[in-house]
Amino acid sequence: MKVFVAGATGSTGKHLVNFLLQQGHQVVAVVRSIDRVPPEVRSHENLELVQASLLDLTDQELKNLVAGCGAVASCLGHDMTFQGMFGQPRLLVTEAVRRLCQAIIASDNSREVKVRFVLMNTVGNRNRDLDETIAFKEKLVIGIMRLLLPPQRDNERAPEYLRTEIGRDHPVLEWTAVRPASLIDQETVSEYSLHQSPLQSAIFGVGTTSRINVAHFMAVLISDNALWKKWKGHMPVIYNKSIQNK
């Protein structure tokens, strides 16, 4: 399968690219700096790198890049720096999701199998299709974050676009938004668990998810038909397995 990856040089995206290549997929990735891709990955015969800022690409260029792709994955996020938090583009993830979806729809050639769109999101965002109630103090903190931190608004709007504009019965696209807890770094894949809704507070809880586990789940989602069928149109929460023992 041909897979387009946005955010391929990020802390999670680089793992996703590796997993997809190991699975034998052809990977197309837009990166701002090819030098950030390790040489051993950069030279892989199944990897096509395009050096650009994704939102600077024209609609036609995006359409050409996603043409023939069976899946599109976004690991985009904001850098935790002042410029990354408050600089432009403030709706980086949302705008990338919107434009990628429109490019997929525009490049459709009456394919028999729908394109799979996998978005890396956050457990701090509620799935509004479910009755995910949160405590008042958590609502208060999230409300303040929404007002003061542009990435919070961006993280909320991106899956809402998929949920409300694409929906669950789109003729071309299917989607899943993966919601990890607090992200940590690990060198290898470990046991993880998947849930329809958070097991604990996203603000005051202690749950963690390794970036490599998120990437592994996203890669398996793209490749495994049974797993995709289970989670398409949903927003699975992923925790490192230790969450169940806390």
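The values are calculated or read from the model by the stated rules, or taken from the named source; none is laboratory data. Everything numeric in this text was worked out from a predicted model, so none of it was measured. Virtual Cβ from ideal backbone geometry, glycine too; neighbours counted across all protein chains shown.
Some observations on this one:
- Residues of region 223-243 that are part of a helix (DSSP H, G or I) and at pLDDT 95 or above: S223, N225, A226, L227, W228, K229, K230, W231.
- Tabulated pairs, region 42-56, first of a type in the set (F, W, Y), second exposed (fewer than 14 other Cβ atoms within 10 Å of the Cβ) and modelled with pLDDT of 95 or more, C-beta under 9 angstrom, 6+ apart or interchain: none
- Identity of the residue in region 1-56, hydroxyl-bearing (S, T, Y) and surrounded by 15 or more Cβ atoms within 10 Å (Cβ to Cβ), that ends up nearest to G68 (Cα to Cα): T9
- For region 38-56, a tally of residues being over 14 Å from F19 (Cβ atoms) and either part of a helix (DSSP H, G or I) or among the polar types (S, T, N, Q) (or both) returns 9.
- Put simply, of V189, V220, V178 the only residue that is at pLDDT 95 or above and assigned to a strand (DSSP E or B) is V178.
- No other residue among L162, L199, L194 is hydrophobic (A, V, I, L, M, F, W, C), in contact with a Cys (Cβ under 9 Å, 6 or more places away or on another chain) and either modelled with pLDDT of 95 or more or outside any helix (DSSP H, G or I) (or both) apart from L162.
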